[in-house]
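Every read-out reported here was derived from the displayed coordinates using simple, explicitly stated rules and does not represent laboratory data. For clarity, every value in this text was computed on a predicted model and none was experimentally measured. Note that each Cβ is placed from the backbone with ideal geometry, even for glycine, and that neighbours are counted across all protein chains shown.
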Amino acid sequence: MNEAWWKEATVYQIYPRSFNDSNEDGIGDIPGIIKKLDYLDRLGVDIVWLNPVYDSPNVDNGYDIRNYRTIMDELGTMEDWEELVARLHERDIRLIMDLAVNHTSDEHEYFCESRSNDRHHDRYIWRSPDDDGPPNNWESFFGGSAWEYDERKEAYYLHLFDIKQPDLNWQNPDVRDDVYEMIEWWLDKGVDGFRLDVINLLSKPDDLPDGDPDSLLPGSEHYVNGPRIHEYLQEMNEEVLEGKDIVTVGEIFGVNINEARKFTSQDSDGLDMVFQYEHMLFDSGYERWEKREWELADLKRVFSKWQTKLRDDEWNSLYLGNHDQPRIVSRFGDDGVYRVESAKMLATFLLTLSGTPFIYQGDEIGMTNAPFDTLADFRDVATIKPIQDAIRAGRISGYEEVKEGASFRSRDNARTPMQWANEEQAGFTEGEPWIDVNPNHTEVNVERAIRQRDSVFYHYRELIELRNDHPTFVYGDYELLLDDHEEIYAFLRTLEEERFLVVLNFFEREPAFDLPTRIEYEGRELLISNYPADVCQSVEQRDLHPYEASVYRLPTAN
Ligand code: TEU
Ligand code: CA
């Protein structure tokens, strides 16, 4: 058992634009975060992951970086950032920053030069036109060709994301050296680690071959874990990460567990953990607005694999949502009648598994998806552009046609302002928010959650405490029970003499719960539940309550 502080930690993800506005301009900012540190302390988290706060023209809310060493004006100053780190550290909370180095903004100094005067030409991926068309058929994550033609330069540049996010050319050692230097610079300023944005997309093959036109994302087969990816990450590790007391988590898109191992294994790339993507894909379809039904069997299959198949020197991250995904109660729970119960059930799931849990802001009060009645309600380029393109191409008649799926899947669901109180604009801002607050803030808000002893908030807090008190939840073995049950997800966590049983009902129905007879549960103790204790005492042969989540300590581990 290789112990580490970041394995035992609980992470809280802050999307700064939507967290708390301190100066009435409608945009969350760093001073706004500083005002809420008591709240984070109260929740009991150990690490904050901050989405990008660097200077940026904001086509992709900060993932289009213009200058890696300054803070975006709207979010505050470098002094504010320094104060944030100091205040967090005073409370023993560490800070990890977002490292987005697959691409920069097209307003980054080097891209401007590569465009206008050829200096730094090789830092980006420029290609001459091929028979008057783009160099290949690769498509952007945000829809349309991944190539943009520059009239003046008479060449195309590659952008896997927005037109204003040109991909860096990682083949160029100058690009890599700059990134390593920048990492050092932030480490010297006191950051405790990084979340590495789309880190497995850095390496593109030399000849840029066409992708399979029928695939979900033509071209991705060539740059997802491209030819030199592990070489680059090993180099980054050796140059700047290795041996430092920091934590790194790589976002790896479209990677199976065997591949993923190379990223986290200490004798390979040496990242501390990865965000795997499998459980984010099984309810999505070909189009951005497609919503497919998911089955509990899918969730069990994916989670059980990641719970059991990592080696001793490999580690897992745990997340159910983030700033790119629908709200977790709306997706995996119930955002209607059983909002509170299902939010607590998902919290129990997240915080009793092996790996480092990441809580996305607002999930700790059970925030839900938002309405988005018209296309104009959205702000996210990844939602708006594909719909506009489809309307323009005549593939759909208008937003109405795709509203149900698009409003469900939009990344903006996670980006509506944090709901602090039953006040104008949810207490997020005194001005006009950059994106509408969810109308249900009258009911779902922090103030109320803090007041009510049985709120989702306190459930998260208790689960975090439970995890801190029992290393079994962090390091113990995982064993799935009732494998084929369609509604109940139950598992054991065992470490030496300690054993816990976690029972989760993922639906509203009230299935009968029969434990396998080989499990010793005489003398069990209920540790936490989302229903009153007296109704959850018995585990053998009773019906579970809607969205029930109960955790028991079992007598021995044999
Ligand atoms: O996300 C990568 C990514 O693939 C997602 O945007 C994906 O398209 C989405 O999850 C599908 O629902 C990272 C960041 O998390 C995201 O916010 C950025 O937009 C993107 O990279 C580009 O930097
Ligand atoms: Ca502000």
Cα-Cα pairs of the chain separated by more than 30 Å (percent): 51 percent
Please compute the Kirkwood hydrodynamic radius of the stretch 149-308 from all pairs of different C-alpha atoms, in Å with one decimal. 17.7 Å
Using the alpha-carbon atoms, what tilt in degrees (0 to 90, nearest 10) does helix 456-469 show relative to the longest principal axis of the chain? 80 degrees
Only four residue types carry charge here, +1 at the Cβ of Lys and Arg and -1 at the Cβ of Asp and Glu. Report the dipole size of the chain about the Cα centre in Debye, rounded to the nearest 20. 960 debye
Would you mind checking the tilt of helix 399-409 against the longest principal axis of the Cα atoms of the chain, expressed as 0 to 90 degrees and rounded to 10? 60 degrees
Under a point spin-label approximation (7 Å from Cα along Cα-to-Cβ), what is the Glu401-His121 distance to one decimal in nm? 4.4 nm
Mind giving me the FRET efficiency for Arg518 and Trp5? R0 is 45 Å, r the Cβ-Cβ distance, nearest 0.05 is fine. 0.80
Compute the Kirkwood hydrodynamic radius of the stretch 103-198, taking the inverse of the mean of 1/r over all pairs of distinct Cα atoms, and give it in Å to one decimal. 14.4 Å
Grab the beta carbon distance between Glu79 and Asp267, set R0 = 30 Å, and tell me the FRET efficiency rounded to 0.05. 0.15
5 Å is the cut-off here: which amide hydrogens, built 1.01 Å from N in the peptide plane, fall below it relative to Val274, excluding neighbours closer than 5 in sequence? Gly250, Ser317
I'd like the GluC sites (Glu not before Pro) in the stretch 198-288 restricted to DSSP loop residues with at most 13 other Cβ atoms within 10 Å, sorted by number. Glu242
Helix 381-392 sits off the longest principal axis of the Cα atoms of the chain, rounded to the nearest 10 on a 0 to 90 degree scale, by 70 degrees
Whichever lysines have a C-alpha closer than 17 Å to that of Lys189, once near sequence neighbours (fewer than 8 apart) are set aside: Lys244
Using a 10 Å cut-off around each Cβ, can you sort Lys153, Lys204, Lys309 from fewest to most neighbouring Cβ atoms? Lys309, Lys153, Lys204
Positive dipole terminus of the chain, leading residue within Pro516, Phe506, Gln171 (C-beta point charges): Pro516
Computed over the stretch 461-558, Kirkwood Rh from alpha-carbon pairs, angstrom: 13.7 Å
Under 5 Å, built H, 5+ apart or other chain: amide partners of Gln13: Trp49, Ile359, Tyr360, Gln361
What is the fewest-to-most order of Leu196, Leu492 by other Cβ atoms lying within 10 Å of their Cβ? Leu492, Leu196
Grab the Cα-Cα distance for Lys309 and Glu497, subtract it from 0.36 nm times how many residues apart they are, and report the gain in nm with one decimal. 65.4 nm
Net lengthening on full extension, Cys112/Asp38 (0.36 nm per residue, minus Cα-Cα): 22.4 nm
Take the Cβ-Cβ distance between Arg453 and Asp130 as r, set R0 to 51 Å, and report the resulting FRET efficiency rounded to the nearest 0.05. 0.20
Helical mean residue ellipticity (222 nm; -39500 (n - 2.57) per DSSP H run of 4+; nearest 500) of the chain: -8000 deg cm²/dmol
In whole percent, the Cα-Cα distances of the stretch 328-457 spread across 10 Å bins from 0 upward as 12, 37, 31, 16, 3, 0
